[in-house]
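The values are calculated or read from the model by the stated rules, or taken from the named source; none is laboratory data. Since we're looking at a predicted model, the values are computed, not measured. So basically every Cβ, Gly included, is an ideal-geometry build from the backbone, and we count neighbours across all protein chains shown. These area figures cover heavy atoms from the full protein model, side chains too; ligands, DNA and RNA do not enter into them. Shrake-Rupley method; radii C 1.70, N 1.55, O 1.52, S 1.80 Å.
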Amino acid sequence: MKSIKLLIVLVVLLGSCTTAKKSKPMENTSQKVVIAHRGASGYLPEHTLEAKAMAYAMHPDFIEQDIVLSKDDVPIVIHDIHLETVTDVAQQFPDRKRDDGKYYVIDFTYEELRQLNVTERFDPKTNKAVYEKRFPLWKSHFKLHSLQDELELIQGLNESTGNNVGIYPEIKEPEFHHKEGKDISGIVLEILKNYGYSTKKDNCILQCFDAKELKRIRKELGSELFLVQLIEFKEEEKLLEEYATYADGVGPWYKQLYSEKEGVIEISDFVQNAHALGLTVHAYTFRADDLGNFNSFDELLDFGFNKLQLDGVFTDFPDKAVEFLSN
Ligand code: G3P
Ligand code: CA
């Protein structure tokens with residue numbers, strides 16, 4: 001009798017896995033999406049394969065990859081162009097810092113980068129974690145990895161689960177790469193194409209903060225991917241019409257979309273204007289441990305999805321945003 005009960009529980013659990021929602025191609029832009037920002041980075045060190053696998057199991061629509069090139073042109077999944085905020089590079093390679101005191105990804109080969117240990121993001125001046133309630137510093141073992149490794153993880157999970165989670169790569173600091181003699185966009189686009197991502201029908205959104213480079217990706221490099229222009233400054237909001245000539249969406253910081261005076265929130269017309277131009281709006285970064293003046297994460301998500309009318313959010317806590325949208 002006991003074993004029958006166990007079987008029933010297992011079947012119910014498996015059922016909940018296999019009936020999880022399937023992600024949709026970006027052609028259907030009416031559906032709101034959740035983007036796992038640097039993976040499930042609220043729970044495990046950002047941009048590790050472990051954080052990506054955990055994010056995958058939370059059923060987001062997309063998982064994000066920030067990309068920087070190594071000395072030997074391997075695209076590394078890491079947020080900063082330097083290494084000392086998430087690795088032990090200062091201990092392993094003390095002589096390899098530049099004059100500004102930073103250790104640049106681009107100065108290390110892929111083999112050297114693989115030797116580094118990765119941890120939760122910290123301030124190298126104080127050695128304190130940026131988010132102190134997250135995964136403890138220097139516990140367990142995490143490593144850097146290539147874009148190819150991550151694409152194989154996500155595509156492998158898509159095959160083994162039958163789900164279809166998308167990727168959301170970001171070209172980091174293209175001007176810096178150009179000055180170093182590297183065409184990061186060209187290299188990344190070629191890899192994406194080799195893994196089956198080249199049109200809007202493929203489950204991939206390519207993002208960049210550098211407008212000149214994103215325009216180049218569309219016009220000169222001829223990419224047909226869904227492109228999102230990231231923005232961070234108020235003055236960039238005036239450029240929506242220009243962005244609409246080459247991008248499919250925009251990615252603002254959500255805090256630039258409203259103002260608050262004496263407890264009264266005024267929402268700007270940015271999202272409305274973007275939508276009128278046919279642009280999708282995915283805003284960053286929603287964090288359950290950085291609520292500002294909101295009383296709960298659900299309240300913040302409600303503000304983002306329902307008041308700001310965002311089409312998607314980047315979040316360090318994809319499980320909570322998926323849960324919010326399912327209610
Ligand atoms: O790319 C959008 C989101 O990730 C915000 O930017 O600085 O975390 O890469 P960042
Ligand atoms: Ca990013």
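Tabulated data
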quantity: Estimated 222 nm signal from helices in the chain, with DSSP H stretches of n ≥ 4 weighted -39500 (n - 2.57), rounded to 500; calculated: -8500 deg cm²/dmol
quantity: Total charge dipole magnitude, the range 69-149, about the Cα centre, Cβ charges on Lys, Arg, Asp, Glu only, Debye to nearest 20; calculated: 400 debye
quantity: Rounded if a/c under 1.5, otherwise prolate or oblate - the range 48-121, Cα gyration tensor axes; calculated: prolate
quantity: Full-extension gain in nm, Thr161 to Lys212, via 0.36 nm per residue minus C-alpha separation; calculated: 14.5 nm
quantity: Computed FRET value (nearest 0.05) for Val130 with Glu242, which takes r as the C-beta separation and R₀ as 30 Å; calculated: 0.30
quantity: Cubic angstrom per residue, convex hull over Cα atoms of the chain; calculated: 164 Å³
quantity: Cα centre as origin, Lys/Arg/Asp/Glu Cβ charges: the range 215-270 dipole, Debye; calculated: 240 debye
quantity: J(HN,Hα) series, the range 167-179, from Karplus relation 6.51 cos²θ - 1.76 cosθ + 1.60, nearest Hz, glycine and proline x; calculated: 10, 9, x, 10, 6, 8, 6, x, 5, 4, 4, 4, 4
quantity: Ratio Rg/Rh [Cα only; Rh per Kirkwood] for the range 170-327; calculated: 1.00
quantity: FRET efficiency, Asp149 to Asp269 (Cβ-Cβ, R0 45 Å, nearest 0.05); calculated: 0.60
quantity: Separation in nanometres of the label points that stand 7 Å from Cα toward Cβ, at Asn306 and Lys234; calculated: 2.9 nm
quantity: Cut-off under 5 Å, modelled amide H: who pairs with Ile205 long-range; calculated: Ile167, Tyr168
quantity: Where Glu266, Glu152 fall by accessible area, highest first, once all protein chains stay in place (1.4 Å); calculated: Glu266, Glu152
quantity: In Å², nearest 10: area of Ser198 left accessible to a 1.4 Å probe; calculated: 50 Å²
quantity: Förster radius 41 Å - calculated FRET efficiency between Asn295 and Lys201, Cβ distance, rounded to 0.05; calculated: 0.50
quantity: Accessible solvent surface per residue of the chain, calculated while the other protein chains remain in place, 1.4 angstrom probe, Å²; calculated: 48 Å²
quantity: Estimated dipole of the chain in Debye, rounded to 20 [Cβ of Lys and Arg +1, of Asp and Glu -1, Cα centre]; calculated: 880 debye
quantity: Anisotropy class of the range 140-251 from Cα gyration tensor, a/c 1.5 cut; calculated: prolate
quantity: Residues with amide H under 5 Å from that of Trp253, placed H, sequence gap 5 or more; calculated: Ile231, Tyr284
quantity: Pair Gln256, Asp99: separation of 7 Å Cα→Cβ label points (nm); calculated: 3.1 nm
quantity: Mean Cα-pair separation over length for the chain, i.e. relative contact order, pairs under 8 Å, 6 or more apart, %; calculated: 19 percent
quantity: Positive-end residue of Phe314, Ile265, Phe297, charge dipole of the range 262-327 with Cβ unit charges; calculated: Phe314
quantity: Accessible surface of the chain, 1.4 Å probe, proportion on carbon and sulfur as whole %; calculated: 52 percent
